[in-house]
Structure formats: structure tokens, C-alpha cells
Amino acid sequence: LKNRISSMEAVKEAGFCKFAVRKYDAFDEIGGKLSFSLCLLTETNDGIVLSAMHSTSGCYTYLKEIIKGKAFNKLSEQETRVLSDAIAYNDPVSEFIKD
């Protein structure tokens, strides 16, 4: 039983348990908040920020790695905010999507 509990704890630590999404208008010519940034983090704040920016000419997606709450690529204002939201995340019911 101890071995099973240990393996379940290891899986839990490796899984995403903190998350946040922010919708926004990436460009002035597009309305409706079609762009978004999504942050998925483990308990140790390792994970990703995925951003999709919609414009009149297409959709651009970016994936940035997060290690211990820090990004090694420059984050946009929206990506910085969604990372901060995910780090602070502790309640699965409260304010998952922020505008």
C-alpha cells in the first residue's frame, strides 16, 4: 500500500494542478476577445504558457516553457498576468477565466 501511495504522489506532482486563462484582444482591428493565454503548472510551478493571437491575417500560437515559476523566453503582458494567476491558483471553482 505504501508503494502504491508513493507512486500516486509522484504522478500527482508531475501533473498539472494549477491553471489560468486570460482572453483578450491582441490587435486593435479584431474585437470579441478571440485571443487567449493559457497557463498550466505543476505543484512546483513547472509547466507551459500557451498563447493564441488572432488577427485579420490569421492566428499565431506560441508555447513557452515555465520552470519553477520563471520563463526563459520574454513573456507578453497577458502571459505574465496569466502566469501570475496560475501560480496563485488554489480554488478550482473561483475565477478560472479572466478578461
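The values are calculated or read from the model by the stated rules, or taken from the named source; none is laboratory data. Every value quoted in this text rests on a predicted model; they were computed, and no experiment measured them. Surface accessibility is based on the protein's heavy atoms, side chains included, excluding ligands, DNA and RNA. Shrake-Rupley method; radii C 1.70, N 1.55, O 1.52, S 1.80 Å.
Put simply, of 56, 61, 44 the only residue that is at pLDDT 95 or above, open to solvent by 70 Å² or more (accessible area, probe 1.4 Å) and among the polar types (S, T, N, Q) is 61. The set of residues from the stretch 1-41 being modelled with pLDDT of 85 or more, open to solvent by 70 Å² or more (accessible area, probe 1.4 Å) and of a type in the set (A, V, I, L, M) comprises just one member, 34.
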